[in-house]
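Participant: Pasting a structure below so you can have a look.
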């Protein structure tokens, strides 16, 4: 890990612990083990560091979306033509584990949760990534599944809300209990199975 990468890593850790507003460039430099003037050789400002954190998170999220064949990715269409309930469970569990355990995603989410109460722009970013934006992605998934006659023909937005809400709830429940990951996965699996029993099309 080079100095520039270490700056991002330590900055995101501090942002997750204290919030963006409460962290100073000197704090980041101290965590990295360099002087503030040396940090400015890599980043012009704290804002530029934050923008780089957003870019890193976005790339991680896009990779996960691609790996899971979510909508708007190159391999989504083939996957959704053969989707089943096991796939829906797998999507839920893998997204949950990404947000809960990925070093970048979990810290980025925690930072935004702290800062959303102090910074309207960061609150908007939080809502776009983890509330409204997340539901829109789920809505696209269920629209595809309805079209494929895998899910009952009902309002895809409401279905998305009912699918995503337990995931968001469990993130809040288990993020302070890393030793209970297996319990979290089991609870989520049961929730998804109940969801599937409710919304599965009869022919499936």
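Where a number appears in this text, it was derived from the coordinates with a stated rule and is not lab data. As the structure is a prediction and not an experimental result, all values here were calculated from the model. We place every Cβ from the backbone using ideal geometry, glycine too, and count neighbours over all the protein chains shown.
Participant: Compute the angle between helix 120-130 and the longest alpha-carbon principal axis of the chain, please, reported from 0 to 90 degrees and rounded to the nearest 10.
Facilitator: That works out to roughly 40 degrees.
Participant: Could you tell me the relative contact order of segment 1-66? Use alpha-carbon pairs under 8 Å, at least six residues apart, and round to a whole percent.
Facilitator: Worked out over segment 1-66, it gives 31 percent.
Participant: Starting from 0.36 nm per residue, how many nanometres of slack lie between residue 124 and residue 59 once their C-alpha separation is accounted for?
Facilitator: The residue 124-residue 59 span can extend by a further 21.5 nm.
Participant: Compute the angle between helix 132-147 and the longest alpha-carbon principal axis of the chain, please, reported from 0 to 90 degrees and rounded to the nearest 10.
Facilitator: Between the helix axis and the principal axis of the chain, the angle is about 30 degrees.
Participant: Using mean Cβ contacts within 10 Å as the protection proxy, how do 2-14, 38-50 order, highest first?
Facilitator: Descending packing order for the listed peptides: 2-14, 38-50.
Participant: Given a Förster radius of 45 Å and the C-beta distance between residue 2 and residue 131 as r, what FRET efficiency does 1/(1 + (r/R0)^6) yield to the nearest 0.05?
Facilitator: 0.85
Participant: In segment 4-18, whose amide N lies under 18 Å from the spot 7 Å out along Cα-to-Cβ of residue 51? List them in ranges.
Facilitator: Zone members listed by number: 4-5, 7-9, 11-12.
Participant: Please rank 102, 132, fewest neighbouring Cβ atoms within 10 Å first, as an exposure proxy.
Facilitator: Lowest to highest Cβ neighbour count: 132, 102.
Participant: Next question. If I take every Cα pair under 8 Å that is 6 or more residues apart in segment 54-199, average their sequence separation and divide by the length, what percent do I get for the relative contact order?
Facilitator: Answer for segment 54-199 is 23 percent.
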